1. Inside the range 195-240, can you point out the residues that are assigned to a helix (DSSP H, G or I), among the aliphatic types (A, V, I, L, M) and under 22 Å from ASN260 (Cβ atoms)?
2. Could you list, ordered by first residue, the pairs with Cβ atoms under 8 Å in which the first is in the range 249-268 and within 23 Å of ARG220 (Cα to Cα) and the second is among the aromatic types (Phe, Trp, Tyr) and modelled with pLDDT of 70 or more, at least 6 apart or interchain?
3. Scan the range 183-216 for residues that are more than 21 Å from LEU296 (Cα to Cα) and touching a residue at least 12 places away in the same chain (Cβ under 8 Å) and jot them down.
4. Residues of the range 161-179 being surrounded by 14 or more Cβ atoms within 10 Å (Cβ to Cβ) and closer than 17 Å to VAL68 by Cβ, which ones?
5. Which of the residues belonging to the range 95-117 are among the small types (Gly, Ala, Ser), surrounded by fewer than 18 Cβ atoms within 10 Å (Cβ to Cβ) and under 13 Å from PHE70 (Cα atoms)?
6. Consider only pairs whose beta carbons are under 8 Å apart and that are at least six residues apart or on different chains; among these, list those whose first residue lies in the range 46-66 and is within 19 Å of GLY99 (Cα to Cα) and among the charged types (D, E, K, R) and whose second residue is surrounded by 18 or more Cβ atoms within 10 Å (Cβ to Cβ) and at pLDDT 95 or above.
7. If I filter the range 140-157 for residues that are buried (at least 17 other Cβ atoms within 10 Å of the Cβ) and touching a residue at least 24 places away in the same chain (Cβ under 8 Å), do I get at least one hit?
8. Would you please list the contacts, defined by Cβ atoms under 6 Å and residues six or more apart or on different chains, that run from a residue in the range 7-20 that is buried (at least 24 other Cβ atoms within 10 Å of the Cβ) to a residue that is among the small types (Gly, Ala, Ser) and in a loop (DSSP other than H, G, I, E, B)?
Amino acid sequence: MPEKPRIFVSSTIADFRDLRLALKYWLEEAGFEVLLSECNDFPVDSELSTFENCLAHIRQSQYVLLLVGFRYGALFDAKNGVSVTRKEYREAYSQALAGRAKLLSLVRAAVPEAISTGDSSKFTEPGGLPLVKNFLEEIRKDAEVQEGSRAGGPFPRANWLYRFATFRDVVEAVGSSLRIGANLRKRAIEANLLWELKSNLQLLLNKSKGKIVWESWPLRKLQAEIKLTKDDLGRNIELSIEHARVIAWAGTYMVFNESNWLATSSLNEAIESGEFLQFDHQLDRFVVSSLQSALLKLRSEIDRLKKTSTLFGAETIMEHLSKIAHSPEPAILGAELAQIFHTANTFHNVVSLNAGLIAFFEGLNPELASWPLAPETPLEDSARRFQENRPTVEEVENWVTSFFRGEGDTCERK
């Protein structure tokens, strides 16, 4: 099991008990390890004191959540009037400045209001109002902010203080700071998938003179120039010397590409997890989202590329293409050229979908656009017919409905 990100919740306990437990449940459901000192699952080192255990866990946490209310709490340093919670805050703040943890500070909205009006009745301890007031000033770094304003900077870091009145306020503040829009499982799936997509592009792309080369582009361009039809499959296609060299070089690369080494474990996990399905409230069920559709299409194209690559006699094709390239009157059988074009199209689609998905997960492509995908067949007269004769999803749904209702001849060919 991967280690979960750890959150230490620091606050006085008596007045925050219910909120602390609610936070623990919510954050654990989101995939975090939550440390509350009053819970039995709080790890304890018997060689350390109660206070030292808490400080040690703060140093081992990636996040510290501070809650401030009307209680100042038990004293850690009675001589200097430093409470346990305040000492925990200072430890967390030093970790935040060092970049080892993220500190989130929240205060009940009624506390600053009571301080501003001088209403000490809500503070449960003698002298509570000035103690809490001073603590909030330290959290906000009021003195440093004023000094920064006079000098034009610098200003203190990690001094944001959220106010909350309800649990929803806490959830919104913590959720936005920790990016809990999706659970950690989904974020882990995205991280693994992103790594796999980039690794696959390393196998598919090539470098020439220090620049990345997409080897299917020359064949895609050549395909547009030659425009194969089904009548060309059984005859030799005459080539220019330039075209013959493109076919020999790029065609050999298509045959010997490393598609069989492409990884799909993270892609399969992402598809099968259901995390990228979309709930349709009108239909009251999950449907395939545009992201899920792109993932499914990529898996289909990778499977097709792996199968296509095995159709060539790899040991003989390079010699065959080399002879064509060096022939004074180069020509190639239409069926062979169609197979090379078909592989190039599939190769093109795998690269395009990989790149589009990488850009989506890195925030560069929010609409999930990809380069235009190549057709399933390289035959000019068949590509459009294939597209026209393939029913849409809506047409398939209507056909199924008609079939099971017995409405007319569902197998009729017109």
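The values are calculated or read from the model by the stated rules, or taken from the named source; none is laboratory data. Everything quoted here is computed from the prediction, not taken from an experiment. Every residue, glycine as well, gets a Cβ built from its backbone with ideal geometry; the counts of neighbours run over all protein chains shown.
1. Once the filter is applied, which keeps residues that are assigned to a helix (DSSP H, G or I), among the aliphatic types (A, V, I, L, M) and under 22 Å from ASN260 (Cβ atoms), the range 195-240 yields LEU197, LEU201, LEU203, LEU204, LEU219.
2. From the range 249-268, the pairs are MET254/PHE347; ASN257/PHE347; SER259/PHE347.
3. ASN183, LEU184, LEU205, ASN206, TRP214, GLU215, SER216
4. Answer for the range 161-179, where residues must be surrounded by 14 or more Cβ atoms within 10 Å (Cβ to Cβ) and closer than 17 Å to VAL68 by Cβ: LEU161, TYR162, ARG163, PHE164, ASP169, VAL170, ALA173, VAL174, SER177.
5. Correct list: ALA109, ALA110.
6. Pairs found: ARG59/GLU91; ARG59/GLN95.
7. no
8. PHE8/SER61
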